[in-house]
């Protein structure tokens, strides 16, 4: 696999990003915000920032394929591993994807957008969405994730107090968590509507293209994440809940 032949040290940063929006993420990894240096050439940026040009090209070459990783393997893992996988995804959302998108939206001047007024709306709406989304993640980990972890310890490791497990089961329900989760699945509907489904055409500016593409990718990642939560984690959690009740029934019978 060779470096993209259309990229050279004499290309402007803006033209490089126009080739593929993912290159903006690569530049960010190397400490370069493309919108702050649109007219600089790659060669100038590498010299100013002390970046190894060949290493940068290597990242340009591999970046488009880094999101093709299959997640179906998670379905075969024990539930404690599934929990850790989903928590890691949460951290990726909170500490990497959301801050990157928020930074783009906050710092790119509306005049660089195809629709400056829409850009102003996005600057207002996205921080509210991000704040609510992060709050939801922490609530989810403190409630359903924590409950499922307690069920795992009780069923798989026999680590529980019968009385506490009984009240835990009476106060929590996987079916309730599943119903709540389904209601919250389409979290980006407002932003999707605002951006006309992240619509991009041949005349779309590079700035708009990068932001819309990142938003679209983030939503796609959320859909995969929601699938794993709904169809893997909660399904396994429901099985654990049934087994936990069976354990308590057996203990009650023997007493």
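The values are calculated or read from the model by the stated rules, or taken from the named source; none is laboratory data. As the structure is a prediction and not an experimental result, all values here were calculated from the model. Note that each Cβ is placed from the backbone with ideal geometry, even for glycine, and that neighbours are counted across all protein chains shown.
Quick one: is residue 169 in the same structural domain as residue 223 (by TED's automatic domain parsing), more than 22 Å from residue 87 (Cβ to Cβ) and touching a residue at least 24 places away in the same chain (Cβ under 8 Å)?
Taking the combined requirement at face value, the residue satisfies it.
Going through 181, 136, 199 one at a time, which residue ends up being outside any helix (DSSP H, G or I), in the same structural domain as residue 220 (by TED's automatic domain parsing) and on the phi < 0 side of the Ramachandran plot? Outline the logic, then answer.
Details: 181 fails: outside any helix (DSSP H, G or I); 136 fails: outside any helix (DSSP H, G or I).
Answer to the check: 199.
Could you check, for region 147-155, whether at least one of its residues is closer than 25 Å to residue 90 by Cα, outside the structural domain of residue 20 (by TED's automatic domain parsing), under 17 Å from the mean Cα position of the chain (by Cα) and buried (at least 16 other Cβ atoms within 10 Å of the Cβ)?
no
Restricting the search to region 172-193, which residues are touching a residue at least 40 places away in the same chain (Cβ under 8 Å) and under 25 Å from the mean Cα position of the chain (by Cα)?
Step one: filter region 172-193 for residues touching a residue at least 40 places away in the same chain (Cβ under 8 Å), giving 173-175, 177-178, 181-182, 184-185, 187-188, 190-191.
Selection gives 174, 175, 177, 178, 181, 182, 184, 185, 187, 188, 190, 191.
Please go through region 18-33 and pick out each residue that is farther than 15 Å from residue 103 by Cα and over 19 Å from the mean Cα position of the chain (by Cα).
Across region 18-33, the qualifying residues are 18, 19, 20, 30.
Could you tell me how many of the residues in region 201-216 are more than 17 Å from the chain's Cα centre (by Cα) and crowded, with 19+ Cβ neighbours inside 10 Å?
Here is the first cut: in region 201-216, the ones more than 17 Å from the chain's Cα centre (by Cα) are 201-209.
Checking the rest, the ones that are also crowded, with 19+ Cβ neighbours inside 10 Å come to 206-209.
Qualifying residue count for the region: 4.
Working only within region 5-24, note down all residues that are in contact with a helix residue (DSSP H, G or I) (Cβ under 7 Å, 6 or more places away or on another chain) and surrounded by 15 or more Cβ atoms within 10 Å (Cβ to Cβ).
Hits for region 5-24 are 7, 11, 13, 14, 16, 17, 18, 20, 21, 22, 23, 24.
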